[in-house]
1. Determine, from the Cβ-Cβ distance of residue 182 and residue 204 and an R0 of 30 Å, the FRET efficiency 1/(1 + (r/R0)^6), rounded to the nearest 0.05.
2. For residue 510 and residue 324, what is the calculated FRET efficiency with R₀ set at 51 Å and r taken between the beta-carbons, to the nearest 0.05?
3. For the chain, take the longest principal axis of its alpha carbons; what is the angle in degrees between that and the long axis of helix 667-687, to the nearest 10 within 0 to 90?
4. For the stretch 277-318, what % of the accessible area comes from carbon and sulfur atoms, probe 1.4 Å?
5. Classify the stretch 624-753 as rounded, prolate or oblate from the Cα gyration tensor: take a ≥ b ≥ c as the square roots of its eigenvalues, call it rounded if a/c is under 1.5, otherwise prolate when a/b beats b/c and oblate if not.
6. Any idea of the accessible area per residue across the chain, 1.4 Å probe, to the nearest Å²?
7. Given the peptides 390-402, 562-574, arrange them by the average over their residues of other C-beta atoms within 10 Å, most packed first.
8. Filter the cross-link list 66/458; 414/458; 360/470; 360/414 down to pairs whose alpha-carbon distance in this structure exceeds 29 Å.
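The values are calculated or read from the model by the stated rules, or taken from the named source; none is laboratory data. Just so it is clear, the model here is predicted, and its values are computed rather than measured. Cβ coordinates were reconstructed from backbone atoms using ideal geometry, including for glycine residues, and neighbour counts include every protein chain displayed. Only protein heavy atoms, including side chains, enter the accessible area calculation; ligands, DNA and RNA are left aside. Shrake-Rupley method; radii C 1.70, N 1.55, O 1.52, S 1.80 Å.
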Amino acid sequence: MDDSAINPDPRPSHLPSAATMAKRRRRRYLADGAARWMVRAGGGGVVIALTLIFVYLFSEVFPLLKGASIESTTTLQTQSLSEGTGVYLGLERYGEIGMRYTQAGTLQYFRLSDGELLRTIDLNLADGVTVTSIGNGEPRSRLVAFGLSDGRAMVIRHESELTFPSEGVREIVPAPEFPLGRDPVVVDDQGRALTTIAVQQARDDTGVAALTSDGELTLVRYRVRTALLTGAQEIQRQQWPIPAHEQPVAHLHLSANLWNLIGADASGNLVYWDIAEPDNPVLRDVASVVEPGERITDMEYLNGTFSAVVGTSEGRLSQWFLVRDESADAGDNIFYLARAREFRQHPGAITDIRPEYNRKGFVVVDDQGYLGIHYGTSARTLSLKSIADTALTAVTVSPVNNQILAETRSGELKVLDIWNEHPEASLAAFWNKVWYEGRSNPEYVWQASSGSDSFEPKYSMVPLTIGTLKAAFFAMLFAMPLAIAGAIYTAYFMAPQIRGYVKPTIEVMEALPTVILGFLAGLWLAPFIEDHLPVVFTVLIGLPMTFLAIAFAYAQLPRAWRVRVPAGWEAVILMPVIALVVWVLVGLSPMIEIAFFNGSMRQWFTEVGITYDQRNALVVGIAMGFAVIPTIFSIAEDAVFTVPKHLTQGSLALGATPWQTVTRVVLLTASPGIFSAVMIGFGRAVGETMIVLMATGNSPVLNFNIFEGMRTLSANIAVELPETAVDSTHFRILFMAGLVLFAMTFFVNTIAEIVRQRLRARYSNL
């Protein structure tokens, strides 16, 4: 009988049955499918995670790019307050009470919700005396001065107080102040009418500058003294004449320190007087602001009184500030007027400009009913919107920048809610040079905070980005040759016994916390390099020459001696040589400084114009290089070691030397892996935080000087994010720094992957 008829499965009996094999195949297919889907899910999860990170960072950054929004809330009639046109408006921080100065010389407090008049302050002028001019100080001072026809002036500070008349009830009460008393003070002792007036307060002094009816300028300082026992007040007065300009000025403004006086004449010129020494005032500069046929219609200092905004009859707006004359002697402090920037043109003639209380922004109205919101540093016009059918005559912004009050020529008061959270931010301010107040030229500057209320934040991302690339460049410059050369030698030339110790030891170095490396770099390495600066250069020359000398000497030894050193153990000979040479060079450092650098190489650097900081890019490069070396070494060593043996053996069999085999076969085959190692190491260097935080001075300088420090994007985030207010402009700009860092690493890794794939495709046929 045929065996196949009894047992349909012709395979030997010790093999699994067909059903068992089919079951195993199904399990294998299921396992393969599950693994395939798990890999896909993992890859997709990574992509989703990266996308979510990007979306979150962008959501925090996006508000920086938005302009201002304006919403009208209330329209009031000024007839319900009193007759007279308002020439100066004010708001308190809680948005409940408005203030209005009129041409008649009154201060009115009224409720914004319904226009109810709460209090009126009259100047109580003598018979026949009228208001001939009105001037104001910077917004934070809340000072307004009325110039009178008899040569006197009245100075008022519009204030309000927060009271709680009963539990849970808050009430805002008008509380105007008179810093120079309720009676007018003498400005011009000859009794001439004051046609233009400016007021400012600097600590104990209140300064008033005025133009009289016959064209003479005068400066007066008042100081109030209060008797300790009686409480009686005495006003001390000093007066100085100011050099006259050839034309009368229609606008005058004093700086907050009472050192500078700026005016605008009828011909469209800005005029600058240096009054830092009142006994010797000097007319420093006259600058033309307008085009032919145009005139200046308003001028106002921005917060801090470092720069002024000028509006013209054609709706043009420009920002001007004082710039130091570099050609003058260092002790002269001579300044001139410079046009810093221009803003979007208004449809009509500018009628009023009012700065913000605590930022470099300002609001503007014109005679076509348009309201504009602008910002100085970023040169942004955040909004330009028509809010009335008639001309707007006065405008103000609240101390917290959330409300605007504007008056029309027809007697209406417009109360507007605004959203204007991040006017300082713009792509141009982040990535272009910006001309900041007090500087001679446009620059890239990062300085996010200061102790002054009038500080101008500087948010240039260029110094941080350059600092990041600088730190990574010097780290890679130190790490790449050592890591790649060490990987090639370890994988191809080193004896297996030594490789078994070297490779794990270097990989263990990767587990060393970077905070420890930063600590050692900042507290030990930086002072050591500063004290032994010549070693940096002598090691770069001495060690390679020593290696060549040792190699030449080794080659001259008798063959019987050389064969006693097993192949791959040659590096052991160099270890004590390296230690000895470095020790000798460190010992020679003081003698080299005495012989060639007059005893101090650092001082010699200073004398030749090279800045040297103790914590600098050199220290960062060495410290971060040690952090990056294990990453590059491990990946590159694996790439070299896994080059197929038949390629190297075939090359050697054809007569190539080991060095020729390495350079023409091994490196080409392993190039995708080596390139990946370099790019991963670069990404590690770009994102490093603790080493650059502790081993540099964290100064955002813009250069590639290896002896100066830097500030990187990651270190800047680590330093400033815990101290900034949530959702503030500074807070969101730090998130933008994170977005820039994310984009940099993503771009570098993408390019690296493209290059790696092309290298792999090119050399895969070897």
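1. Efficiency for this residue pair is about 0.95.
2. Working: r = 52 Å, r/R0 = 1.01.
The value I calculate is 0.50.
3. For 667-687 against the chain, the angle is about 30 degrees.
4. Numbers: 700 of 1730 Å².
Its accessible area is 40 percent carbon and sulfur atoms.
5. prolate
6. On the way: 37330 Å² over 766 residues.
Here the per-residue accessible area is 49 Å².
7. 390-402, 562-574
8. Details: 66/458 19 Å; 414/458 34 Å; 360/470 32 Å; 360/414 23 Å.
The answer is 414/458; 360/470.
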